[in-house]
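The values are calculated or read from the model by the stated rules, or taken from the named source; none is laboratory data. Note that the coordinates shown come from a computational prediction; the quantities given were computed from them, not determined experimentally. Here the Cβ is made from the backbone with ideal geometry for all residues, glycine too, and neighbour counts use every protein chain on show.
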Amino acid sequence: MDRMKNRLDALWVEYREATPDPEAGPNFMPQLWQKIEVRRVETTSVFRRLAKIFVMATVTLALVMGAMLIPHGRITNDEVFYSGTYVDALAAEHSNDYVDVLAAADLR
Amino acid sequence: MLVDFELIERARSGDDSAFNQVVQAYRKRILGTIARLIGRPEDVEDVGQEVFLRLYFSLDQLRTAEVFEPWLYRLTVNAAYDYLRRQRRRHESRMSDLSEQQVMMADAAAGGKVNVEEIRRTKIRETVDDLLGKISEEDRILLTLKEVEGLSLKELEKIYKVNENALKVRLFRARQRVLKAYEAGEPDAGG
């Protein structure tokens, strides 16, 4: 067992010597910068795509919320619908007040 | 450190020429480590470029320039690990594939141009690559960093982000497994 262990240890050393650090080829740096550029463009386009999806989702959500909150075509006969101004509404509400006052004066 | 902290700081802040200098300083060492980790000379530059590509896009996450080297080694280990896993999957579908090194040696031998020393070296490389191919990618990388690259336990701790005891256990188990594979592959392993 120990003999095998020693042989294995020697083999590691021999392997280290048999595999010296290789020199990079002349295209190493240009290819690296090319890859960096490609990755940069990819990252930008991913962000752009995400931004588009986000905008679309926001518009859709706004339309859906608008459709839910604006009450159109659901007004029944029981519901009061005012088309006049606030003053018109007040006048309509108290239209009998004058009649009551006049009637009381007649009794005297 | 092969470069000073200031250069790393400049590269970290987006200076491309500083990054270029950092790559040039570490290129040879990293390519050597990759060559010994993956055992296929024809793919060393590709994996090396992947390491520096990852470095470029992760430099802003580096806390301080002092931890640059373990950080770079971790990127190297991760890229080698990814490569070995891909290679194992590919290897399962193309068992007869020869490495460029083997093809070159076969061509040279056929032409009678190869010297004895080169044959010996190639045999050692093949023996160790074959041996490392019999254990897991994790064991292969850990053993190569410790036994071949000669990294200390302290350096390995920083790369693996585990404590010394956990690392010793991992190393012990990896050594046992590789020894077992070595014994199984040696014809005179009986004594």
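Of the helices (runs of 4 or more DSSP H) lying entirely inside region B:132-191, those containing at least 1 residues that are closer than 21 Å to residue B:87 by Cα span B:137-143, B:164-185. Close Cβ contacts (under 7 Å, 6 or more residues apart or on different chains) running from residues in region B:77-88 that are more than 20 Å from residue B:146 (Cα to Cα) to residues that are modelled with pLDDT under 95 and assigned to a helix (DSSP H, G or I) comprise B:85/B:137.
Quick one: in region B:12-51, of everything that is acidic (Asp, Glu) and buried (at least 20 other Cβ atoms within 10 Å of the Cβ), which residue is farthest from the other protein chains (Cβ to nearest Cβ)?
Here is the first cut: in region B:12-51, the residues acidic (Asp, Glu) are B:15-16, B:42-43, B:45-46, B:50.
Okay, now just the ones that are also buried (at least 20 other Cβ atoms within 10 Å of the Cβ), so B:45, B:50.
Values: B:45: 6, B:50: 8 Å.
Residue satisfying both the conditions and the ranking: B:50.
A residue that is within 14 Å of chain A (Cβ to nearest Cβ) and either within 20 Å of residue B:146 (Cα to Cα) or modelled with pLDDT of 90 or more (or both) cannot be found anywhere in region B:93-100. With a requirement of 1 or more residues that are of a type in the set (Val, Ile, Thr) and under 15 Å from residue A:36 (Cα atoms), the helices (runs of 4 or more DSSP H) lying completely within region B:1-91 that satisfy it span B:16-38, B:44-58.
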